[in-house]
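Have a look at the structure below, then the notes.
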Amino acid sequence: MKYDFTAIEAKWQKRWEENKLFRSETGDDKEKFYALIEFPYPSGVGLHVGHARPYTTMDSIARKHRMQGQNVLFPMGYDAFGLPTENYAIKNHIHPAVVTENNIKTFRSQLQALGYSFDWDREIDTTDPKYFKWTQWIFLQMYKKGLAYKSKMPVNWCTSCKCVLANEEVVDNACERCGSPVIRKEQSQWMLAITKYAQRLLDDLDEVDFIERVKLQQKNWIGRSTGAQVRFASTLGDDIMIFTTRPDTLFGATYMVLSPEHALVSKWMEQLENAGEVQAYQAEAAAKSDFERTELAKDKTGVMLKGVKGINPVNGKEIPIFISDYVLSTYGTGAIMAVPGHDDRDWDFARKFGCDIIEVVQGGNVEEAAFTDCDTGVMVNSGFLNGMSVEEAKKAIIEFLTEKGIGEAKVNFKLRDWVFSRQRYWGEPIPIVHCPKCGTVPLKEEDLPLLLPEVESYEPTDDGSSPLAKITDWVNTTCPCCGGAAKRETDTMPQWAGSSWYFLRYMDPDNDQELVSKDAVNYWGPVDWYNGGMEHTTLHLLYSRFWHKFLYDIGVVPTKEPYAKRTSHGMILGEGGIKMSKSRGNVINPTDVIAEYGADTMRTYIIFIGDFEKAASWSKDAVKGCKRFMDKVWNLAETVKDHETTYSPKNETIIHKTIKKVSQDIDSLKGNTALAALMSLCTHLSSNGCNQAELKTLLQLLSPFAPHICDELWEQQGFEGFCSVSSWPVYDEAKCKDAEVEMAVQVNGKLRGTVKVAADLDNESVIEAAKADEKVARFIEKTGGTIIKTIVVKNKLVNLIVK
RNA sequence: GCGGGUGUGGUGGAAUUGGCAGACACGUUGGAUUUAGGUUCCAAUGGGCGACCGUGCAGGUUCGAGUCCUGUCACCCGCACCA
């Protein structure tokens, strides 16, 4: 018979669905296993091979765990709010909901064509009112607990479109759409106080099994630092609060720097001798993105505020104050004391602007460069701190500052609060009403979901408010509190909102009373294994941990952390290691690959392509190798005519070895080497003869990767039920060992030969066998003849040191 | 500039974590079967005539280094100059 993958794959996808083979029942007696992959944003271009990599890998893990008898939850859904859909809708005058619906249809059929073992009865969509009702509900709870608040924040403002732009829409400081300059402008925004959870988000990383580089990136992003907050007086009367991690160097502070946006700068403006210069610099800074400020770091810029001086609180010295864009308004207090002797950036700046450089920790040469690596140095030029170690000085100065009431110890985080408003149409409306009498009033829970109104146009308004602001019918409402006339909040939530809790909804997708039932979350939570891209490490992953901790605090979920384990995949690049992109025309569409070679080949190749955690490049030719492997398995099955139920002695060892290898490799994300072992097994069985018991095991081991062909051959061999849900083969450790091993023989560390000996042979016999090898003996003779030392690595290698 | 990564044949990548570098594939070459082949099978395939040389580059530790240490270069991802 011919291997007709198209017919076979359609047949089994249909059967799996008809039999609800992958449905997961909440509350099963079996051990639960919740495998999660990041749900896709259903863009117009459809599924990308980049999606297929983590999805296929996690599918193979889910399938294996299911075969091992676990109750597996492996769900799929769509993160469908977002900018591209909205922009497409604006351009083509189609409702974003319609665009979304069409895109989801495409995605669903593409996912189904790949044969993933999702429980399709649990599919979710973040734009479904039944779903976002609960996104809004969570926001209300946060508002009630004081975690949602309004604040002025800088936004990207297109001077021509007169609207707020996402960072993504700003290209080289210009609007992506119209090319006009983009400036930074203050606008009132809804914020979520993630910083209140900073310490817990940091501490609880110790409790979870995340790959190290994810933990590290989150740690550095949260960025806890300890230091002091210190109040500097100024000659104009106002105090300047600064944060420093090095209060011990306070005597070395020879100038101060404020961020250009600092409130005191505007306050002092009229009294400054160089107000014009200062204002020009402020405008210049406003035109730069934070990122650009960073890139231009090498050449420090700034302006001295003439007419005001700061006063160093420990020695009373008057020091100049600058504004410079290397100080950010969003970190610390937006003001620093500069210690050029012991900070690189301060040193560069001081040299350029002619500020004093004072050494306060001995050990370097501050005339040459800042001495920063100075933890072991001794304090000098620092009054009462002189002679102390850095550590002692830190303690002493904080005591001194606290006593005098001019400073205190302070923990500071890099992490800043989450800007939660978007002036956009295609997002969850924020369920808040503004009442002239009652102020800001949350909607009542029973009035959720608050739906999006129908609008004519999705374009933002030219005063920077959301398109919703134009819908007066919708905006004008009554106050839930006093019943008087009031106006709705017109900002919507960011795309991150819906994805911050979706894993909970999969546990109980149809519940209209709660976001998730206690039974469901107690049974399924936490997610056992969550895989996703590194690009989501600091935003999505942190946001969802934050929301989960909040839900834990209000008693909705029973665990502090949402995900027990987190892994991350590498990117799929185009041929030759170039990034896939539309403009390069090297984008691979999984649907095309399926049409040409079948889903099993596509799945096998995407697993075989390389180390899951590293980037890998697509190769059209290499796909063929995987198709050949499918053909080989098919051909092998055609040779099996017996009904043996035990392995033959000649194949026993390799079968047990392969079961062991594949079992271990799947759970350590090494499907590539598992497949290499299966290819070897297949070749071995083809040339050595294969009985039905052996074929059965091969099919089961291959099934997580290539499930369709395995179920087909399973049926053809007359086995019961589905290979996809059969019991995972077990191996016998004792049968994984070969009787004989080949050991490498080195003379003085260089490979000179090999010997075949019985496994686990004692060292002396191994050395004798090694010396007996003709080539080895010759090299011993040549190098001096006397063996002075021997090193034996069991079953691996002998090294003879000869003099 | 900061944070996190990655560098191995003609190509994708293996290497039990300090123990035979190049498993398994792709490609190439030769052969067999075939009317034909995106069929199947067999053989060869890091470089060098060789002693030997080979894991981005330069050192180091070790009986032994792709793996550990120091320095350095290149590339990729993220970013909010984090005081």
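A few comments on the model shown:
- Checklist (1) modelled with pLDDT under 95; (2) in contact with a His (Cβ under 9 Å, 6 or more places away or on another chain); (3) not hydroxyl-bearing (Ser, Thr, Tyr) applied to A:Glu535, failing item: (2)
- So A:Asn167, is it open to solvent by 40 Å² or more (accessible area, probe 1.4 Å) and under 16 Å from A:Ser421 (Cα atoms): yes
- For segment A:519-539, a residue qualifies if it is without any contact (Cβ under 8 Å) to a residue 40 or more places away in the chain, more than 16 Å from RNA strand B (Cβ to nearest atom) and of a type outside the set (A, V, I, L, M, F, W, C), and exactly one does: A:Asn522.
- Qualifying positions in segment A:415-448 - open to solvent by 40 Å² or more (accessible area, probe 1.4 Å) and more than 10 Å from A:Asp491 (Cα to Cα): A:Arg416, A:Val419, A:His434, A:Pro436, A:Lys437, A:Cys438, A:Thr440, A:Lys444, A:Glu445, A:Glu446, A:Asp447
- Given (1) buried (at least 21 other Cβ atoms within 10 Å of the Cβ); (2) within 29 Å of A:Lys32 (Cα to Cα); (3) more than 23 Å from the chain's Cα centre (by Cα), number of the condition A:Gly555 does not satisfy: (1)
- Top-ranked residue of segment A:574-605 - restricted to ones that are open to solvent by less than 60 Å² (accessible area, probe 1.4 Å), hydrophobic (A, V, I, L, M, F, W, C) and assigned to a helix (DSSP H, G or I), ranked as farthest from RNA strand B (Cβ to nearest atom): A:Ala599
- With respect to the conditions (1) within 22 Å of A:Arg505 (Cβ to Cβ); (2) assigned to a helix (DSSP H, G or I), A:Ala10 falls short on a single one, namely (1).
- One residue stands out in segment A:229-257 among those that are among the aliphatic types (A, V, I, L, M) and within 9 Å of RNA strand B (Cβ to nearest atom): the one that is surrounded by the most Cβ atoms within 10 Å (Cβ to Cβ), namely A:Val257.
- Hits in segment A:558-573 - residues which are open to solvent by 30 Å² or more (accessible area, probe 1.4 Å) and away from RNA strand B (no atom under 16 Å from the Cβ): A:Pro558, A:Thr559, A:Lys560, A:Ala564, A:Lys565
- Looking across A:Pro75, A:Pro40, one residue alone is farther than 21 Å from A:Trp728 by Cα, touching a His at 6+ places or on another chain (Cβ under 7 Å) and open to solvent by less than 10 Å² (accessible area, probe 1.4 Å). It is A:Pro40.
- Among residues of segment A:740-771, those that are free of Cβ contacts under 8 Å to residues at least 12 places away in the same chain, open to solvent by less than 100 Å² (accessible area, probe 1.4 Å) and either touching a strand residue (DSSP E or B) at 6+ places or on another chain (Cβ under 6 Å) or over 22 Å from A:Thr653 (Cα atoms) (or both), counted: 2
Residue-wise test of (1) within 28 Å of A:Asp239 (Cβ to Cβ); (2) in contact with a His (Cβ under 7 Å, 6 or more places away or on another chain); (3) touching a residue at least 40 places away in the same chain (Cβ under 8 Å).
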position	(1), (2), (3)
A:Ser329	yes, yes, yes
A:Ala370	yes, yes, no
A:Phe413	yes, no, yes
A:Trp426	no, no, yes
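- A count restricted to segment A:338-355 and to residues that are of a type outside the set (Lys, Arg), away from RNA strand B (no atom under 11 Å from the Cβ) and loosely packed, with under 14 Cβ neighbours inside 10 Å stands at 1.
- Hey, A:Ala485 surrounded by fewer than 14 Cβ atoms within 10 Å (Cβ to Cβ) and small (Gly, Ala, Ser) or not: yes
- Which listed residue, of A:Glu408, A:Glu367, is outside any loop (DSSP other than H, G, I, E, B) and open to solvent by 60 Å² or more (accessible area, probe 1.4 Å): A:Glu408
- With respect to the conditions (1) closer than 24 Å to A:Leu114 by Cβ; (2) within 39 Å of the chain's Cα centre (by Cα); (3) at pLDDT below 95, A:Ala637 falls short on a single one, namely (2).
- Top-ranked residue of segment A:612-631 - restricted to ones that are open to solvent by less than 70 Å² (accessible area, probe 1.4 Å) and within 17 Å of A:Ala677 (Cβ to Cβ), ranked as nearest to RNA strand B (Cβ to nearest atom): A:Gly625
- Residue match in segment A:116-124 (condition: over 27 Å from A:Ile430 (Cα atoms), small (Gly, Ala, Ser), in contact (Cβ under 8 Å) with a residue 24 or more places away in the chain and more than 14 Å from RNA strand B (Cβ to nearest atom)): yes
- Taken together, A:Ser151, A:Ser225, A:Ser180 contain a single residue that is closer than 19 Å to A:Ala497 by Cβ and open to solvent by less than 70 Å² (accessible area, probe 1.4 Å), which is A:Ser151.
- Being over 30 Å from A:Arg545 (Cβ atoms), of a type in the set (Ser, Thr, Tyr), open to solvent by 10 Å² or more (accessible area, probe 1.4 Å) and within 16 Å of RNA strand B (Cβ to nearest atom) is true of A:Tyr326.
- The number of residues in segment A:206-220 that are more than 6 Å from RNA strand B (Cβ to nearest atom) and either touching an Asp or Glu at 6+ places or on another chain (Cβ under 7 Å) or within 23 Å of A:Gly332 (Cβ to Cβ) (or both) comes to 4.
- Boolean, A:Phe608 is within 32 Å of the chain's Cα centre (by Cα), within 10 Å of RNA strand B (Cβ to nearest atom) and open to solvent by 50 Å² or more (accessible area, probe 1.4 Å): yes
- Exactly one residue out of A:Ala174, A:Ala166, A:Ala193 is closer than 16 Å to A:Tyr331 by Cα and of a type in the set (Gly, Ala, Ser), and it is A:Ala193.
- In segment A:510-551, the residue that is least open to solvent (accessible area, probe 1.4 Å) out of those that are within 20 Å of A:Lys196 (Cα to Cα) and part of a loop (DSSP other than H, G, I, E, B) is A:Thr537.
Here is a yes/no grid of residues against (1) among the charged types (D, E, K, R); (2) at pLDDT 90 or above:
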| residue | (1), (2) |
| --- | --- |
| A:Glu403 | yes, yes |
| A:Arg422 | yes, no |
| A:Glu428 | yes, yes |
| A:Ser457 | no, no |
| A:Thr461 | no, no |
| A:Ser466 | no, no |
| A:Val475 | no, yes |
| A:Pro480 | no, yes |
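The values are calculated or read from the model by the stated rules, or taken from the named source; none is laboratory data. Being a predicted model, the structure only gives us computed values, none of them experimental. Every residue, glycine among them, receives a Cβ derived from its backbone with ideal geometry; neighbour counts consider all protein chains shown. Note: accessible area is taken over every heavy atom of the protein model, side chains too, but ligands, DNA and RNA are not part of it. Shrake-Rupley method; radii C 1.70, N 1.55, O 1.52, S 1.80 Å.
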